[in-house]
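Just below is one structure, and these are the notes that go with it.
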Ligand code: PMP
């Protein structure tokens, strides 16, 4: 359960956490019409720093664009609000959850006359699939649910409604004793987990599904691709069959909340040795090294929180 901080940013102001309320007839509650982000802020030797804040806020604005939702704050105002919510709550390690949604107005499906409300929450949050998952890995299954088909609900938008699909996937997986489910796309190729992208390693090469496999274009996915290439690994975006995952030397999942999580088994078949593989560990070392200071931040991915 969430450990609430003192303040939240809501519709342009910092207010007490418990005062951020909406009407039950808000459009988003009935129709899933929200767009959101998950952003991490890590404690570094230079103080708390956001990881790829701009890319996350850009993705939020792109998700809103798809739904023709106009966010009533400029990009820079949004960035400033992210800084404020961390500094005002005195957080060091934090997970930020910005959300923009169609609020209370008309009850019809078309939201064009509903106001757009925006909030940014920040709170401490451990690694999504458990801190021990980072070293020990997790057991996953292939979901009986497919990912949304192209031209139905856009997979590239991080929208609230998309997470009905994610809920079905993760609820089924955990009910059957797995930590996460991996969904196939409508063509039967590997897509992604309910909240993570997927990578397969075979013969020292990394493979990950392309954008056309109904994935969310993950920022951690992009980070791992760039780090892996810098480290000399070949990275290929291509469609993969279910058995490619079964026969992988190593596999792992990536996400802002989950970070980099090794996959130990898929459908009760051990992946490689059945524990974290050496390349996965190497990539984790480079990734977490960005925050520890052992990996140079060549891309300017870290942005120190102002006002702390
Ligand atoms: N796919 C889905 C469905 C997700 O919810 C997430 C988490 N945002 C990801 C992939 C990973 O994306 P990112 O690395 O940008 O957090």
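The values are calculated or read from the model by the stated rules, or taken from the named source; none is laboratory data. None of these values were measured; they are calculated from a predicted model. A quick note on method: Cβ atoms are made from the backbone with ideal geometry, for glycine too, and the neighbour counts reach across all protein chains shown.
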Sole miss for residue 116 among (1) at pLDDT 95 or above; (2) surrounded by fewer than 19 Cβ atoms within 10 Å (Cβ to Cβ) is condition (2)
When region 231-261 is checked residue by residue, the ones that are within 16 Å of the ligand (Cβ to nearest atom) and part of a strand (DSSP E or B) are 235, 237, 251, 252, 253, 254, 255, 259, 260, 261
Kindly check whether there is at least one residue in region 301-308 that is within 15 Å of the ligand (Cβ to nearest atom), surrounded by 14 or more Cβ atoms within 10 Å (Cβ to Cβ) and either assigned to a loop (DSSP other than H, G, I, E, B) or at pLDDT 95 or above (or both).
yes
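Residues 270, 228: which one is within 16 Å of the ligand (Cβ to nearest atom) and modelled with pLDDT of 95 or more?
On inspection, the qualifying residue turns out to be 228.
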Test: residue in region 3-15 that is modelled with pLDDT under 95 and in contact with a helix residue (DSSP H, G or I) (Cβ under 6 Å, 6 or more places away or on another chain):
yes
Kindly indicate whether residue 235 is touching a residue at least 40 places away in the same chain (Cβ under 8 Å) and either under 17 Å from residue 260 (Cα atoms) or in contact with a strand residue (DSSP E or B) (Cβ under 6 Å, 6 or more places away or on another chain) (or both).
no
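Here is a yes/no grid of residues against (1) in contact with a strand residue (DSSP E or B) (Cβ under 6 Å, 6 or more places away or on another chain); (2) farther than 30 Å from residue 230 by Cβ; (3) in contact (Cβ under 8 Å) with a residue 60 or more places away in the chain:
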site	(1), (2), (3)
171	no, yes, no
178	yes, yes, no
182	yes, no, yes
186	no, yes, no
191	yes, no, no
207	yes, no, no
Need the failing condition index for residue 103 against (1) within 16 Å of the ligand (Cβ to nearest atom); (2) modelled with pLDDT of 95 or more, just the number.
(1)
Of residues in region 49-66 being surrounded by fewer than 19 Cβ atoms within 10 Å (Cβ to Cβ) and in contact (Cβ under 8 Å) with a residue 24 or more places away in the chain, the one nearest to residue 227 (Cα to Cα):
55
